[in-house]
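Below: one structure, written as C-alpha cells.
The numbers here are math on the coordinates, done by the rules we state, and not lab data. Fair warning: this is a prediction, and the values are worked out from it, not measured in the lab. As a convention, Cβ positions derive from the backbone with ideal geometry for all residues, glycine included, and neighbour counts pool all protein chains shown.
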Amino acid sequence: MGVGILVEDLNAWYGSTHTLQDINLHIPANHATALIGPSGCGKSTFVRCLNRMHETNPIARATGVVKMGEVDIYRDASPVEIRRRVGMVFQRPNPFPTMSIYDNVASGLKLNGFRNRRILDETVERSLKQSALWDEVKDDLKKKSGASLSGGQQQRMCIARALAVDPEVLLMDEPASALDPVSTSKIEDLIFQLKSQYTIVIVTHNMQQAARVAENTGFFLNGRMVEFDSTHKIFTNPRDKRTEDYITGRFG
Amino acid sequence: MSTQPQIQPPPMNFQSKAMRFNTGRRTVTNYFVGGLSILATVVVLAPLVAILFYLIYKGASSLNLAFFTHVPAPVGEQGGGMANSILGSGIILFLASLMGIPIGIAAGVYLAEFGRGKALANAVRFTADVLNGVPSIVMGIAIYSLVVMQQKHFSALAGGIALAIMMVPTITRTTEEMLATVPHSVREAALGLGVPKWRTVLSVSLRTASPGIITGCMLAFARVAGETAPLLFTAFGNQFWSFKLNEPIAALPLQIYVYAISPYDEWHRLAWAGSLVLIVLIMVSVTLVRIYANRGVLKGGS
C-alpha cells in the first residue's frame, strides 16, 4: 500500500540556479497526483527530490523536509533505501540493453542480491500483469532482449520493473511523452488501475492527461508551486490568475 | 499532336541550371569518395594479407610436430623446436593479462564513473596517455632497473610486469571511452531501483560496455604479445623448459630475434616458422575470446 508524502519548505539548486523555491505540499496516499507547468518550471526536479535522485548530480543540492509516511527521507534513511521504496519511471523508456525482458523486470531484486528463483518468477509475472504487458511477452521472457520491444512496450516494461520491488510510491516523469497515442492511452489506463495500490506522482505536459488520471493537480511556475488543488477545481475554477492563463493556453 | 498548351512548371530559382549541375557533381563526388574509401581499405588490408601469406610461404615448410614439442637444438644439430618459447610466451602473457587487465579496467572505471572532473582523474588520464607513448625498449630498461636489479636475476615475472604496464594505458582509455558511451538514462534506471552505485557500475555500466572493453583488452593483448624489446632485459629467454616464474624464461619473440640475427640458414627458417606461429596464436586467442565473450554477453548472467 502507498504512503502519503509531506513536503515542507523544499528548496533545490543546480549549481547556483535556484530551481525549486519553498515548496509545501501534501500528496495523499493511494491517489494519483499530477504536476503540470511549462518546461523548466521545476516539476522534474521536484519528483527527483522525492527519491533523492536529484543528488546524483554532483552540482545539485536540496534542503527542506520530505516525509514519506513517518520517514523523513533526508534524515532517517540513505538514498539507496529510499529508492527501493519509491519506484521511478522516466521520460524515455530506459531498459537495460544487455538484459532479457525477464532480467529487466527482475533487476531491482536481482541487483540487490535477491536470488530465490520461485519468488523471482512470481514477481516478474505479477509485475508484467500489473503493467498489462504479460500477454504480449510471456512467450519470450528470457529469449528477447528488453531493448527489442517497441517504445510503448519498453515503457510498460519499465513500469513493471519499478513495480517489481513493491514500492509504496511511484514517480512518473512524463512517462508518455515519447510514446504514440495508443501506447499513451495504455499507460494512462495503467495509472488509473495502479493508483488504488500506490501513491502516484505524475509529471505531465499534457493537461488532458492530468485531467484523465489524477485526483489532484499541482501547477508549477518558475520553481514555485502556484496552486495545488483537486484536479477538477484546477481545471474549472483555479484560484490563481497564472494557473488560469496556463490551462487556457494563454502562455506556456 | 496535343492541342493543349504544355503546362510549364513555374521557373524556380533553386531548381534551375545551377541545381541540376550540382546534382551531377554530387553524384560524381559520391562515387569518387566511395571509391576512395574502398581503395583505402585495400591499401590497408593488402600489407596484412601479404605479410600473412609471406609468412606462410617462408615458415610453413619448417613447421612440424617437433617444432611444437621440442626445445631448440644446439648449434650444428638438425631439428629442434620452439616448444619452450611457446609455453614461455603463454606464461608471460598470462601473467601480464592477470596484472594488466584488472588494473587497466579498474583505472578506466575510476576515470569514467568516479573521477569526472577531478584533478586526480586528469592526472591519471594524462599519465596513461604518456605511458602509451613510452617506447617499449624504455619500458624494458625501466623494469630492468626496478625489478631485475632488485631481484638480481632475470625472471618471467619481470617480463610479465613489463608487458602488463604496457597493456594498462590502452585498456584504461578504452574502458573509459566505452563507459562514456553507456547512456546516462541506463545508470539512472539502476540507481532509481535502489541499486547502490558500486553495483550499478559492475552490473549495469560495465556490462553494457563489455563488448567494447573486451575489444580494448584484446587490442592491448595482441599489441604486447609480439613485443620483443621489453623482454630482452626482463624475461631474457633460455633454451630449455622452464616453468618457474622466478627464473629467466623463453618467449617466441625473443627466440625469433635470436634466430633471425644468427648466421645459420636452418635457424632463419625456424625464425620464419616462429613468426608464423606467433601471428596465428595471436589471431586464434583474440578470436576465441571474441566468440566466448559474445556468447556470454548475449546469454546474460547477472
Subject >> In the range A:166-252, GluC sites (Glu not before Pro) in a DSSP loop with at most 13 other beta-carbon atoms within 10 Å >> reply: none
Original post:
Taking A:Lys143 as the anchor, which aspartates and glutamates have their alpha carbon closer than 14 Å to its alpha carbon, excluding any fewer than eight residues away along the same chain?
Top reply: A:Asp103
Original post:
Can you sort B:Lys58, A:Lys110 so the residue with the fewest Cβ neighbours within 10 Å comes first?
Top reply: B:Lys58, A:Lys110
Subject >> Within the range A:42-117, chymotrypsin sites (Phe, Trp or Tyr not before Pro) in DSSP loop having at most 16 other beta-carbon neighbours inside 10 Å >> reply: A:Phe114
**OP:** For chain A, build the charge dipole from Cβ charges (+1 Lys, Arg; -1 Asp, Glu) around the Cα centre, then report which of A:Ala210, A:Ala12, A:Ser150 sits farthest towards its positive end.
**Re:** A:Ser150
**OP:** Kindly provide the Kirkwood hydrodynamic radius of the range B:49-160 in Å, to one decimal, from all pairs of distinct alpha carbon atoms.
**Re:** 17.9
Original post:
Tell me, B:Leu288, B:Leu63 in order of fewest to most beta-carbon neighbours within 10 Å?
Top reply: B:Leu288, B:Leu63
**OP:** Could you work out the Kirkwood radius for the range B:177-302, taking every pair of different alpha carbons, averaging 1/r and inverting it, reported in Å?
**Re:** 17.9
Original post:
Which loop-located trypsin sites (Lys or Arg not before Pro) does the range B:143-226 contain, where loop means any DSSP state but H, G, I, E or B and the Cβ has at most 10 other Cβ atoms within 10 Å?
Top reply: B:Lys152
**OP:** Give me A:Ser78, B:Ser62, A:Ser39, A:Ser127 ranked fewest to most by other Cβ atoms within 10 Å of their Cβ, as a rough exposure proxy.
**Re:** A:Ser39, A:Ser78, B:Ser62, A:Ser127
**OP:** Could you state, as a whole-number percent, how many of the C-alpha pairs of the protein assembly as shown are farther apart than 45 Å?
**Re:** 41
**OP:** Set Lys and Arg Cβ to +1 and Asp and Glu Cβ to -1, take the dipole of the range B:16-134 about its Cα centre, and tell me which of B:Ser89, B:Gly34, B:Leu120 lies farthest positive.
**Re:** B:Gly34
Subject >> Cα-based convex hull volume of chain B per residue, rounded to whole Å³ >> reply: 291
Subject >> Calculated Rg and Dmax of chain A using C-alpha coordinates, Å >> reply: 18.0, 56
Original post:
Of the residues B:Thr215, B:Thr170, B:Thr287, which exhibits the maximal mean-square fluctuation in a Gaussian network model of chain B defined by a 10 Å Cα contact cut-off?
Top reply: B:Thr287
Original post:
Where the only charges are on Cβ atoms (+1 Lys, Arg; -1 Asp, Glu), what is the dipole of the range A:20-146 about its Cα centre, to the nearest 20 debye?
Top reply: 260
Original post:
What is the dipole size for chain A, taken about its Cα centre, with +1 at each Lys and Arg Cβ and -1 at each Asp and Glu Cβ, in debye to the nearest 20?
Top reply: 520
Original post:
If you take all C-alpha pairs in the range B:88-150, what percent of them are over 14 Å apart?
Top reply: 71
**OP:** Note the angle between two axes, namely the Cα long axis of helix B:17-59 and the longest principal axis of the Cα atoms of chain B, as a number of degrees from 0 to 90, rounded to the nearest 10.
**Re:** 10
Original post:
How big is the antiparallel share of DSSP beta bridges in the protein assembly as shown, given as a percent to the nearest 5?
Top reply: 60
Original post:
What size of dipole, in debye to the nearest 20, comes out for the range B:84-253 about its Cα centre when the only charges are +1 on Lys and Arg C-beta atoms and -1 on Asp and Glu C-beta atoms?
Top reply: 320
Original post:
To two decimal places, what compactness ratio does the range B:84-253 give when its Cα radius of gyration is scaled by 2.2 N^0.38 Å?
Top reply: 1.17
Subject >> Separation between Cα centres of the range B:150-217 and the range B:84-115, rounded to whole Å >> reply: 10
Original post:
Mind checking which lysines have their C-alpha under 17 Å from A:Lys138, skipping anything on the same chain fewer than 8 residues away?
Top reply: A:Lys129
Original post:
Mind checking which lysines have their C-alpha under 19 Å from A:Lys43, skipping anything on the same chain fewer than 8 residues away?
Top reply: A:Lys67
**OP:** Would you mind telling me which residue in B:Ile279, B:Ile91, B:Ile256 has the biggest mean-square fluctuation in a Gaussian network model of chain B, where springs connect alpha carbons within a distance under 10 angstrom?
**Re:** B:Ile279
